[in-house]
Each structure stands twice: as structure tokens, then as C-alpha cells.
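Contents: one structure, followed by commentary.
Coordinate-derived values only; no laboratory data. Keep in mind it's a predicted model, so treat the numbers as computed, not measured. Counting neighbours? That spans all protein chains shown, and the Cβs are built from the backbone with ideal geometry, glycine included.
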């Protein structure tokens, strides 16, 4: 079926390519005409403006927004007046589901349909397919199924889950799912990303322990400010993390796609010197913890993962200075500038 | 090659089966003769006693222990006097690597070799193969490679990692790895399990948030002891967790073997009523955090996951009573017996 | 000066008593006339209705609300129409500062003034005085100083802070502080309570460790599901927590008012059997973490304290069942119903 | 009574002064003769060597070690051969209680007594007195009571705890306590310090939230890497932390000695620019969490506080680089070098 795609960044352009390859007809638009031109050179139809995009689409229109969460509302402000009752707007980006609920109401008042799609898969999605978590009105979501099916990885992407009956009629087995009314798609995607933070942190902490398994080889100072390593003979291992992550990829309980990626990173950059360790967070992790708090659900792991990212960016600095001030005032402790033994391993 | 297996529980018996199928020759022994008999009926050679086992093995002998960590030393006490210089003892269970280092020294004094093997794969290992993390002397580990190769999943169990050269000669690609000297195998396995705790907790917390996405449908009391849900309209979703976990299996960033298992569990038991939520920990998670503390490596996520298990078993109860006592004493707060709204969802 | 007090619960009634003793003139009102009658018997002027209360107050009126956060808006709905430009409404309860900002705007549109006061001190406040964190317009807050001064503990309640100059003119030394514009009072109080959660949890966890210092005396099972205590000889202490908390009250770094309370609780109820350990949270701890997330400030400790309360109420149950299901599926682990060794100490 | 003091650093020298002022007779010794000379100038008896110290002491001797934990054993190696059956060695430093148990056995074999004393109070202890947590044989501890009483703050240091009977005979009311057999003193002190870490972190995190209450005044980037602040109007407060901590000192629930210290620090250094935020840990916090893990007691707050210190010293760096590598590999995310909005507040 036909789909207008607004936003041809990393994700949007690749989705157009996958849709096209999957037999769907896309009209592509971006505020940067160069992005449109690139896809046109690949044989995709392009639009010169929102007006042009809307004009090229058959009614009822289906328009997919793949723009940063921060500019969705600005885009809708321009797009919505061009649409007609029955048209559908799909937000496939990383919007906060609170916004979905508001927008669904606003568009609904104009007899426009709003569908939110949480999209996971990242840069690999073009080849692997995208996992789609969808919120919206049932009949509207149903109408868009050809689009979702073309974007999703398909049933063959994972072995069947024992016990699931082939006749269940669920599309989850193909990699897309209608989760519930508007907002449900981004709600599920939000929690998905919250889980992602936790899993990533679990690997990262574990690898950090492995990396410092040679701690006993490095002398640590013995003064009142430093806790000596009591049994250095227990920490004499030089572990090869590229090899360790590779072996875990086969047969272990912690095999995963994220582990595949880490193993790949470590092949060429064993010390990960390409990175400084300043870790961004793009919102979903925060919203996940906020939702947990609203619901009264304990999330000690997901929040610890989130806060570790904040700390990686220096956001704990003032708190740490408060600690140093207290230590000075009650114990006369003077801050140390560096601690031998930790420095060499980063 | 030939291997003596001591301990024919869940793991040990299946490993004998996989080894046998892989062309290796096992002599099986267990303190419970029924366990030996079962394997004998499957065509495996059995031993009636440790003496018998040792007598049947060609020199230099290779004996694999697959017994609970708590009885390894007692088993060694009986086994070691029967062995001769050059023989190898392999501990394939979940021993603490501290014990490996000690035992390697003790056995080394008798010119016996000690190899520690961290084994991951669980009940699925018989079919999938076992991920093996190995510590020991290089030439001894090398000698045992046919055994490890038969137990491991093999290279086909995962797609090749981009960038790894076929000529690296590493066995990690086959699913087993010589990690370092004695103790290194169980050290890596220990951290593997620590990571496992963190990943499991990430999924569990996230699913708990999804499960309570209908919190706005349940009235919550408005009194000084209860924080009302400010925007109930944001929590009106009835999410189907079996479907959500199924869709995540295809194309999402958080796809993993553990996710496959959860999706399977939820198919037949959507509310997980088969479980009460009392979660054991068998040691590795504790040791992982203790190692992190020794090394000075922060593990907020892995420790939060560990402590959540402790709390699931009521180990926070006294601390919670301390909190209630304080709240009573400064604020006159009286403990509530239950909170409507949370009860129905468990 | 004159003040109308609405809400004569635990806190409100005691505040009227302290104000009266401090020479201020209160008119007391509550929806439950019995509460008004009690104060009338103590010589305080009472009002039979909101109309009556407003009628008895001199202009510009000052009305203090001391009602549960959940009924502030309903109370304002009835009160506001009775007031006149220049009157002041003070919310001294535990309102969310978001509501303060909204209400300040709503009342401002009617030329009414809104002041938010975070009040700490609990049931001891009547004698010790209340710590007041105030948000509002400077001249309005200034006008109310006699009220705040009468409620606050006064300078003698704590020794002077070295370095503070007597001429600073700050009222913080007396126990009340104008923190900033509307909402600032409750913002500071919110964070105060968030800190309180963290401090309480620190004591509670520490006391729980002390309580289990005899863990080595209790045999623990040795099976694959249970991690044995490796060195029971290190956990042979029977510590008297009432004595320990008492000794900490003198000279230690962790002396505090909360510690004083715990020491008192343990005198008569050494095992805290008066409590079950179901710990409520009344909102501020949640809002504190939510604010931290908005600001990007890491709060691993404050959030861990919050989530421990959620868990104490069974809110982690489903997550724990997910963990048990995974353990069963990958490892064949069966849930244990109880673990000897932990049971006897609660 | 008479006491030999070995170790005249910050703590040891002040303890000698307090003991002397309290009517006890000290013989002071330190490997640095200048430290001995300083006390001699104040009228305290000094020793030129360990032999000299032992010679000057009446039998049975009482020798107090106040040296860094890392040199206690080396000191004992020299001291013990000089002592005679019945003599007492007191370790008043921050030894690990595991060492106490070992040393008590070693000294006991020579009929020497060993007493461990956890000492809290820091640099203020000389004036305020020291809180003493004591482990040892009852009659030996009893014999040393005059020393403990002179060092402790005394009953007047805190108001009586309601419900405690004057006739209890406990010394806890005076600020020292015989907690149990050898090791019990340092065990209780260890947990005391673990609690201290948690309390300090609670204040530090809370103050960090208050410091960033103006986050809405700083523009934050709107790109796919950055989560925008949704409601900047809620974060417009410029809070004066010196004033806030001062007001909390009177009447609030979170009043404490640590708060007194913070309030003092902020008077002269509002931004705490005297510190960089590199926070040491001297062992007790680590040991506390390790003990909790041994006992199976959940300590999410105490461990989070410990790990925040590790992170303040850059120990999370490799873990953070792992996170950045994963984000790059699945999402094409490039690390940002800095985030406007957070920078100016430190």
C-alpha cells in the first residue's frame, strides 16, 4: 500500500528502503531536500513539500512521521491542516506516550486517526527488520498491516515459541503487535528501552569486573584514605574480553543481540578507546522510571542503570563534593587526586 | 577421548549423553547407583565406586566432577588418594574460584592437575551445547579439547562476529574458551551469572511496569498515608505480556535467549501463577558483587538485582519494621494492612 | 497576629496549640465539629463553617490549610469564593509543588495571595517547634513572620553554625526560611523528605545487618539452590540493638534525631514486633526522584530507599515470579518455600 | 588508670589529650619522634621506643594501638614479644573485624588479651568525646572502663532516651558499649560507617537536586541524543543551600550532626569549590556490604552509596565506554562531548 514518509534521517530513510523492497509504495519527504534526492536516486518517489506529499497520496492518506520527538508537534502543526477526515498520521519515532494521548485527542477532534508506533531495531533494522509496538484504533491499525508486515522481521527471524499455536492469529510472531489504544505502542517501546538500559548496564558492569581481574597485580597505597586489597593473589587474571564475549555467544544463558554487538566492538577495539564513556540518554529510560513510580512498581535495577548514565556525564559532581566536604569536616580527610592501581585500567 | 564423570544429576547425566553422542567415551559414577543404572541402560559405561571408576580409566586419567559446590571438597578427599601423578581433575560445577585456587595448589603438590570449568546452558544444554569457561594449565586444557569441543555448541550456534578472522585459532567461536590459569574459568562464569541476574531483573522489572499499566483503572485511597495516582488517564492499558514478549523476540534490541524463555512461560501461564516469587540465589551473584567490591568496581545494577532476590525471600523484613517504627515515632503513622489498587495485580 | 486554621488533624491541632501558646490568635475550623470543640475547650476560638471562619478574620485575612494533599483543591474550591483581594491562603500540608504553582496562578488571578509551607517536625513539633520551608511573594511572607516565628523552634534549638554572622538577617537560624517564589517551600520540603527516606533506609539496612550478625549460628542448607555461609565463625555475634543505637547517640558521626527515635523504639520492643514491615510512602519520596530525573541528577540512594518501600508492600511480586519462571526454564530450578537460617530472625 | 598509646596521628594524639584531661595517665609513643615530642611539651609522658613504652607501663599492661589498619599487624609483630601474660592490647583503629578474630586467637595463645574498639567522632572527638564500640572478654573490658569513660562523651551528651531505666547499668548512655566478644566492636563500627555512607549520600543527592532546581532556566538541546526538559517552568528556583541546610537544623526530621557539618561548609564555600568530588572510601563501607551479602541481608541503599564513591573516582569509566560502544553499534549514536545546561552548575 501507499505511505508518505516524513523524516529521512538514519531511521526514516532505511525504513523507506525496506518498505520499497517489500513492495510498498512510499512518497518520501524531508525538510532537507538532499535527503529526498538521495532516495529519489534509488527510485523512490519524493515530495518537494508537505503540500506536495499530501497531494500525491491517495485518500484515505497514511503519513508516517519519523522525526525527533522534539519536533513532532511542530511538524503536526503544519501537516494536520492539509489532511482530511479519515486520514491517518503515524508517529514512528520516540515520542512520550503522554503526547500520543494528547495528540490522538487533538487529531480525533478533526476526524483524523493517530497511530503511535514504537520502533526498535536501530541501524540494523533495514536488514533485520524492525520490531514494531503499535497503539491505535483497531480498524485503523488493521488497515495499515501491509506496512507493518513489510517493516517487521517476519516469523522466520526467531524460532517458534513452544506452546504457541499457529492459529492464534497474532501478528507478534511476525514482529509487530497492536498493543492497545493510542499511546500503548510508545508505552511498550518506552519500557522496552528501559529494559534495554538495564541489560546494557548488566553487561557493562560485568565486563568492568572482568577487566579489573588483574587488580592484584597493581600495588595499592596503604594509608588511612585507601582500602587495601586484602588478597591480591585472587586478582591475577588477564582476561581477554573479546574472547570472553565471543564464547558467551554460544550456549550461554546470557546470549543476546546486544552481546553480539559488544563482541563485535571488542574485536577491533579491545580497550574501547574509541569512546570516552559519556553516555547519553534519549528519554525513554527516564520515562520508564517515572511510570514505575506512578504505578508504585519497584525498579531498582532500571533506575540504577539510568543514574549511572547521568553520573557518566558528571551530573553527580556536586553531590560528590558534598561528600568530600563532609569527610573533611568530620574526619579531616583531604581529597586524593588519584589512586594508583585504578588509573592504568580506565 | 575417555572421561570419568562423577555426579549424574540433571547436568552431569546430560553432559554424559552429549559427550557420548559426540563420540567421546564416558565412565559414569554417582553415589546413587540408580543414576548410574539409568545411563547404563542408555549404553554408557558405569562405575560402582570411585575405585572402580579410577580403575577403568586409562592414564593419564581425566575425571570430571559435576556435583554441588558444597560437596566438591568431600568428593576430592576420597578421589585424590586414588589418583596418580599426571591425572587431571576437572571441576565443572559452580565452585567459588577461591576454592579452585586452593585446590589447584593442593592437587599440584601431588602432581595432579586441576582444571575448573564454568558451564552455562542449563537444562537446554544437552541439545544446544554448553558454553564452557575454562581455567587451568595450557597444556592440560589443550589435552582435554576433544571433551570441550563435544560439550560446546559449535561454531554454527551463532553467526560469525564481523571482524573476527577465521585464522585466529581461538576456540571461543566453538563455544569454549581457555580463560587463564586455575580459577579463571569459574571467575568468568561467576561474572557471567552476575550479569545474568542483572539481565533477568531488567526484564522482570520492565514486565512488572507493563503489568501495572492499568493502574489508573483501580481506585486508590486518598489519605495521608497514600500517594494518589495524579493522572489515572495515563494508566489505562491492558497489555498482553505473552504477546509483548513474543513481539520483542523479532528485531528488537532486547532480543535474547532469556527473553525467549519468558515468552514461552507466559504462553501457558499468563499471570505466572505457578510461582510465588521467592527467588533463590546460588552464590555466583553474591561472589560477583564481592569481587567488584574488592576491585573497587561500581556495580549498582548487579547488586540491586542480587538484593531484590534477598528481599523476595523476606530478608528485608526487619529493616522494613525499623522504617515503620520510625514513621510511627516521628509522624504518628500507623501501618496499613493493605493498599487497594495494588492488591488485585500481584 | 490572627490566623484561620482549616484542618485540625494531628498536625493542625498541635500547630494551633503552639501558635496560641506563642501569643498568636487562631480561629480553628474543621469539617468534623468534634475537632473544633476539642480546641474550644482549650480556649481557642472556633468556627462553625468556612463562612464563619472567614467572617471572624480581620482583613487582609490569613488562612492556613492543614489538610491532606488530596483534599486541598476541594477545600480551596469552597474557600476561595469567600475571600477578598489581598487575603492570603497558606498551604502548610504536603502538597506537590506543581499544584502550588498552578494554585498560585489561579489565586493570583483573583488578587489572592498563595503561600506554600513545607512543615517538618511531626508529632514532636508541638514541643520542639516546626521547621518551615516557605514559598511565596516576599512581602506576603514577610507579613506572616509572626506566625512562622511562633511555629518554628527558634534559634536556641541548635547551636550556632560556626562562621555564620549574627547580622545576616536570615530567619533560617530560627527555623523558618523563605526559600523562593510559590512552590519553593514544598519543593524544598519534598527533597527534605526524599533525604529522609534515604537516611531512614540507611539506618534500617545497617540494623538489619547487625541483627543477623549471628547468622553463623544457624545451619544453612547445602544444596544447589542455596549459597552456604562460607565462614560461619565470622557471624557469631548476638548484638543488642537497643544498646548499640543508644551508644551511637553520643559522639558518633551518625547521631541524629531519627536515631534518637529508633533507640527509643528498641527500648520497649527489641524485635519491633509491633510492626509488620509494610511501609507506606506519602508522595514526597516519589516526587523527589521524579524531580531528579527531570533535572538529570543521579539519585541512586534516594530511589533505592523509595523502591524498598514499594517492595515492602509486595509490589515486586510479579517481577519476582518472572525471575522464578526464568530460573525454572533455563535451570530447572524449583522455588523453595522457605530457607532455614533466615526464618528465625525475621 | 595507666595506658600506653601507640600512634600519635590526628586521632591518637587527641585521644591522649582527652585521656590526660580526664585524669588518666598516658605514655605516648610514635615511630615519628616529633609526634611524641609535641605531646611531651603538653606534659604527657613519652616513650622513645616500644621497649621503652613497655618498660614504663605497670603490669598488667594496657596498650592502645591507634595506627592505620594496614600497619596493625606489623606493629603487633614487634610489640607482642615484649608483652607478658595478662597484658592487654587494644586496637582502636579501623581494623577489619576478621583480623580481630585472628589476632585475638594469636594473642590468646600467648595469654595476652585483645580488645577491639571501634572509635567514632573524628576530629571533633577531642572536645565532644568519642563514641566507643568495644569487643573483648568481659572482665578485660570491665578493667579498662576508666579509659573508655574518659574518652566517651558522657551521659550529658544527649538527652535521655524515654523508657530507658536509670538502673539498667548499661554504659551505652555514657557513650561506650561492650558489644560482644572480640571483633564485635569493629563489627558494629563497620556497620556504623556503612550507615554513615548511606546518610551522607542521602544528603548529597538531595542537595544536588536542590542545586539544579533552576534547570528550567538553562536551554537544553533538542536532538535525538538529548531528552528535553518537558516543563521548564517547574524548575525556576534559585535555592540557597547554606540557608536551606541551616533551616533544616531546627525542628526538622533530618536534623543530625552531619547536617550541622554541611551547613557549616556551605557558609563559606557555597559552591563547594574547595573540592573536586573525588571521594575516597577507607574500607568499612565495603566490608559492610560484604557482610550483608554473607548474611543474605539486602542493602540496596548502603551499596548504592558505596558504588557512587567508586564512580566518583572514575572506576565506572570502562563500563561507560561499553555502553557508548553498544549505543553506537545498535543505534549509530555518537558520543556527545558535553551537554549544555548541565555544565554551568557542576
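Before moving on, here are some points about what is shown:
- By the helix-only formula, in which each DSSP H run with n ≥ 4 contributes -39500 (n - 2.57) and the sum is divided by residues, chain A has a 222 nm mean residue ellipticity of -13500 deg cm²/dmol.
- Comment: the Cα-to-Cβ extended label point of residue B:142, at 7 Å, lies 6.8, 6.9, 8.8 nm from its counterparts in the other copies, nearest first.
- Counting neighbouring Cβ atoms within 10 Å and putting the fewest first, the residues B:147, B:195 line up as B:147, B:195.
- Calculated over region C:242-312, the projected area of the Cα convex hull averaged across directions stands at 6.1 nm².
- With label points defined 7 Å past Cα in the direction of Cβ, position residue A:332 shows copy-to-copy spacings of 4.7, 6.0, 6.2 nm, given to one decimal and shortest first.
- Region B:62-136 and region C:80-150 have their alpha-carbon centroids 70 Å apart.
- For chain C, share of DSSP beta bridges that run antiparallel, in % to the nearest 5: 20 percent
- With contacts taken as Cα pairs under 8 Å at a separation of at least 6 residues, region A:247-346 carries a relative contact order of 17 percent.
- Highest-MSF residue in chain C out of C:173, C:99, C:329 [GNM, Cα springs under 10 Å]: C:329
- As a proxy for reagent exposure, ranking B:29, A:235, B:275 by other Cβ atoms within 10 Å from fewest up yields A:235, B:275, B:29.
- For region D:70-202, convex hull volume per residue from C-alpha positions, Å³: 129 Å³
- Alpha-carbon spread of region A:265-305, three principal axes, descending order, Å: 43, 17, 12
- Solution diffusion estimate, µm²/s, Stokes-Einstein, region B:101-163, Kirkwood Rh from C-alpha pairs, 4 °C, viscosity 1.567 mPa s: 97 µm²/s
- Stokes-Einstein diffusion of region C:145-198 at 25 °C, 0.890 mPa s viscosity, Kirkwood radius from Cα pairs, rounded to a whole number: 194 µm²/s.
- Label-to-label distance for residue A:73 and residue A:110 is 1.5 nm, based on points extended 7 Å past Cα in the beta-carbon direction.
- Counted by neighbouring Cβ atoms within 10 Å, the residues D:293, A:134, C:101 run from fewest to most as C:101, D:293, A:134.
- In nanometers and ordered shortest first, the copy-to-copy spacing of the residue A:38 label point, defined 7 Å from Cα toward Cβ, is 5.9, 6.8, 7.1.
- Per-selection Kirkwood Rh - region A:226-270 (Cα, Å, 1 d.p.): 12.3 Å
- Calculated Rg and Dmax of region A:1-127 using C-alpha coordinates, Å: 13.6, 39
- Panel values: the protein assembly as shown, Kirkwood radius from alpha carbon pairs, Stokes-Einstein at 20 °C and 1.002 mPa s, translational diffusion coefficient 64 µm²/s.
- In the frame of its principal axes, region D:180-304 has Cα extents of 59, 39, 28 Å, reported largest first.
- Overall dimensions of region A:87-136 as given by Cα atoms, namely Rg and Dmax in Å: 12.4, 38
- When the Cα atoms of chain D are aligned to their principal axes, the ranges along those axes come out at 76, 47, 43 Å in descending order.
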